[in-house]
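The values are calculated or read from the model by the stated rules, or taken from the named source; none is laboratory data. This structure is a prediction, so every number in the text was calculated from the model and none was measured. Here the Cβ positions follow ideal geometry from the backbone for every residue, glycine too, while neighbour counts run over all protein chains shown. Only protein heavy atoms, including side chains, enter the accessible area calculation; ligands, DNA and RNA are left aside. Shrake-Rupley method; radii C 1.70, N 1.55, O 1.52, S 1.80 Å.
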Amino acid sequence: YAPQDGLVVYPNYSQSSGYVVEEGAQARQRQELIKLPDTSAMLVEVRVHESFVNQVRPGLLAYVTIDSMPERRFIGSVRRIAPLPDTQSRYMNPNLKVYVTEVVVEESLPDIKPGVSAHAEIVVTNLTKVVDADRAAVRQRRRSGGRCR
C-alpha cells in the first residue's frame, strides 16, 4: 500500500538493473516499480555561478516563477547549496563553475507536476533609503587630472 495519495511515476529505466517496467515483465526483489513523489513540498534546483555563491546562504528569500505560469511568482527560500561545483555543467565548458542550489517553494502550488521548468531569483540583500535614478540620467564627467567621477 502507498503511504499517501498522489501522482504515480513509472520508471522507464532502472539505474541498477536496466530493466524496463512494463506489463508482463518479471519483477525482482528490491526493484523500483513506481515512484510516488510528494508534491506538497516542491523545490527548484538552480545553478549559482561561482562569483555569486558566497553571497547565497540557506534561509534567503527567493522568488520562483514557473514557465507554464509566468504571470505568477511564488515565495520560496534557499534550502541547500552544494559544497562542490556541478560536474555535469563543466562537461561543455570546463571553465564554468556553478553550484547546484535547492530553493523550496513555500506556497502551495496549483497542480504542478514534478519536472516542470522554473526559474528562481534569490534575494541576497535588501537596500533601504536609496535613490533610484534612470540610467539615462547618469553621466560621467572628466575632471582635471584625468579621473572619471
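Spin-label model, GLU106 to ASN54: label points 7 Å out along the Cα-to-beta-carbon direction sit 2.7 nm apart.
Positive end of the dipole of the chain (Cβ unit charges, origin at the Cα centre): among LEU7, TYR99, THR125, the Cα lying farthest that way belongs to THR125.
With contributions of -39500 (n - 2.57) from each DSSP H run of at least four residues, the per-residue ellipticity at 222 nm computed over the chain stands at -500 deg cm²/dmol. Loop only per DSSP, at most 15 neighbouring Cβ atoms within 10 Å: give me the GluC sites (Glu not before Pro) in the range 34-85, ordered by residue number. When the GluC sites (Glu not before Pro) of the range 34-85 are filtered for loop state and at most 15 Cβ neighbours within 10 Å, GLU50 remain. Here ASN93 and GLN29 are evaluated by their C-beta separation; at R0 = 30 Å the FRET efficiency comes out at 0.10. The share of accessible area on the chain that comes from carbon and sulfur is 48 percent, using a 1.4 angstrom probe. This structure gives Rg/Rh (Cα atoms, Kirkwood Rh), computed directly, and of [x] 1.16; [y] 1.05; [z] 1.02 that value is listed as [x]. For the chain, a Gaussian network of Cα nodes joined below 10 Å ranks THR128, THR87, THR65 by mean-square fluctuation, and the top entry is THR128.
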